[in-house]
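S.K.: Have a look at this one.
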Amino acid sequence: MRRSSFIAGLFMGLLPLIPFNSSWASAPKVVVDIAPLHSLVTQVMAGVGQPTLLVPSEASPHRYALKPSQAGALSEADTVFWISEDLTPWLEHSLDNLAPSAHKVELLERSETIRHEFRKGATFEAHDHHDENEHHGEDDHDDESKHHGEHNDDHHEASAHHDDHEERDEAHHDEHHHGQYDPHAWLDPLNAKAWANIIAGELAKTDPEHAGIYQANARKLNSSLDQLMDELNARAEKLEGIHFIVFHDAYQYFERRFGLMAAGAISLSDASDPSPARIREIQKRVADWQVQCAFTEPQYNPRMLNTVFEGSVVKTTGVMDPLGVDINDPAEHYIKLLTRLMASLEQCQSQ
């Protein structure tokens, strides 16, 4: 008993010497839907608290079932940052039921966000590449026309030969999209910059005590994103003329930002199964466009991709990952994610 009393007394005496950050106790409870956005929120909240991630990066956000612990975190949330219903259609219902009083920020719906409409067709022949948000003043991500202008005649020829199957494919496409805009907007780092400011501003509203920290962190993050864009632009200039196909149509924000447009996508933007007509269209264009690579994704089984390109010269060993599997540090996640995407294209060019 005397020994226990001595240890307890010693511990109490040391308590004043243990560093304590008062913000830990008062940090807001913040929940985020996907890992890239979680990375941005983590950096803005540095020194105040740690947000909770709902969808792990190895899972598809298009279809996901919350675990009890995640549902619990959502029910206790003060603020929820999420991309949109078009990315996570299951989440809106959960937000209404589990977090009715939480402050919810749907970033795709914010006016500061650069948005692109869904592309149509397996090889995007119905897409005119116009930026639907010219009011943002972002003209540089429409430069893909100079890289792929030589394919315009092929596009018109392909569109003239659509059969009934292809029309059903497009109807299938429309059924799977609730809104007008492609939700994979985090893959444009200019959106990440805009979102850093939005995140800081929204957190400052609900937690004014730490507003100065949030704003300073957002400025620091924006500086890092500027450096990232400079680096990636320099690397992208060396990749002009590369022709590649992606597993699902998730990358147009990255493609447009850096002028590296995919020749097509096996699956739709929501990663639903492609129709036979869509697969035939992809196979037809492989030779016409001298496609070098087709990329798998870690969230999906690669067997479909291998089947589509069996017997062709297209390399199917590369990986493009829109979410960042195996990037374990939340603070570094976003920048590493975009750096990996560029590295995947560089690897394709070197094959």
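S.K.: Given the criterion in contact (Cβ under 8 Å) with a residue 40 or more places away in the chain, closer than 24 Å to Thr206 by Cα and in the same structural domain as Ala204 (by TED's automatic domain parsing), identify the matching residue among Leu53, Leu95, Leu87.
M.R.: Working: Leu95 fails: in contact (Cβ under 8 Å) with a residue 40 or more places away in the chain; Leu87 fails: closer than 24 Å to Thr206 by Cα.
Going through Leu53, Leu95, Leu87 in turn, just one is in contact (Cβ under 8 Å) with a residue 40 or more places away in the chain, closer than 24 Å to Thr206 by Cα and in the same structural domain as Ala204 (by TED's automatic domain parsing): Leu53.
S.K.: Can you tell me which residue within segment 262-321, out of those that are of a type in the set (Lys, Arg) and in contact with a helix residue (DSSP H, G or I) (Cβ under 9 Å, 6 or more places away or on another chain), is surrounded by the most Cβ atoms within 10 Å (Cβ to Cβ)?
M.R.: Quick first cut of segment 262-321, residues of a type in the set (Lys, Arg) only: 278, 280, 284-285, 303, 315.
If we keep only those that are in contact with a helix residue (DSSP H, G or I) (Cβ under 9 Å, 6 or more places away or on another chain) as well, we get 278, 280, 284-285, 315.
On the way: Arg278: 26, Arg280: 16, Lys284: 16, Arg285: 22, Lys315: 16.
Filtering first and then ranking leaves Arg278.
S.K.: Follow-up. Select from segment 96-120 the residues that are under 30 Å from Glu281 (Cβ atoms) and under 15 Å from the mean Cα position of the chain (by Cα) and list them in ascending order.
M.R.: Within segment 96-120, Leu108, Ile114, Arg115, His116, Phe118 meet the criteria.
S.K.: Something else: Just one of (1) in the same structural domain as Ala343 (by TED's automatic domain parsing); (2) outside any strand (DSSP E or B) trips up Ala218, so point out which.
M.R.: Failed condition: (1).
S.K.: Out of everything in segment 200-218 that is charged (D, E, K, R) and loosely packed, with under 14 Cβ neighbours inside 10 Å, what residue ends up being farthest from Pro274 (Cα to Cα)? Spell out how you get there, then give the answer.
M.R.: First, pick out the residues of segment 200-218 that are charged (D, E, K, R): 202, 205, 207, 209.
Now narrow it down to the ones that are loosely packed, with under 14 Cβ neighbours inside 10 Å: 205, 209.
Details: Lys205: 44, Glu209: 50 Å.
Taking the candidates together, the pick is Glu209.
S.K.: Hey, any hits in segment 197-205 for a residue that's more than 16 Å from the chain's Cα centre (by Cα), farther than 26 Å from Ser84 by Cα and not hydrophobic (A, V, I, L, M, F, W, C)?
M.R.: The answer is no; no qualifying residue exists.
S.K.: Could you say which residue among His103, His136, His116 is modelled with pLDDT under 95 and of a type outside the set (D, E, K, R)? Can you show your working first?
M.R.: On the way: His103 fails: modelled with pLDDT under 95; His116 fails: modelled with pLDDT under 95.
Of His103, His136, His116, the one residue that is modelled with pLDDT under 95 and of a type outside the set (D, E, K, R) is His136.
The values are calculated or read from the model by the stated rules, or taken from the named source; none is laboratory data. Please read all numbers here as calculations on a predicted model, not as lab measurements. Here the Cβ is made from the backbone with ideal geometry for all residues, glycine too, and neighbour counts use every protein chain on show.
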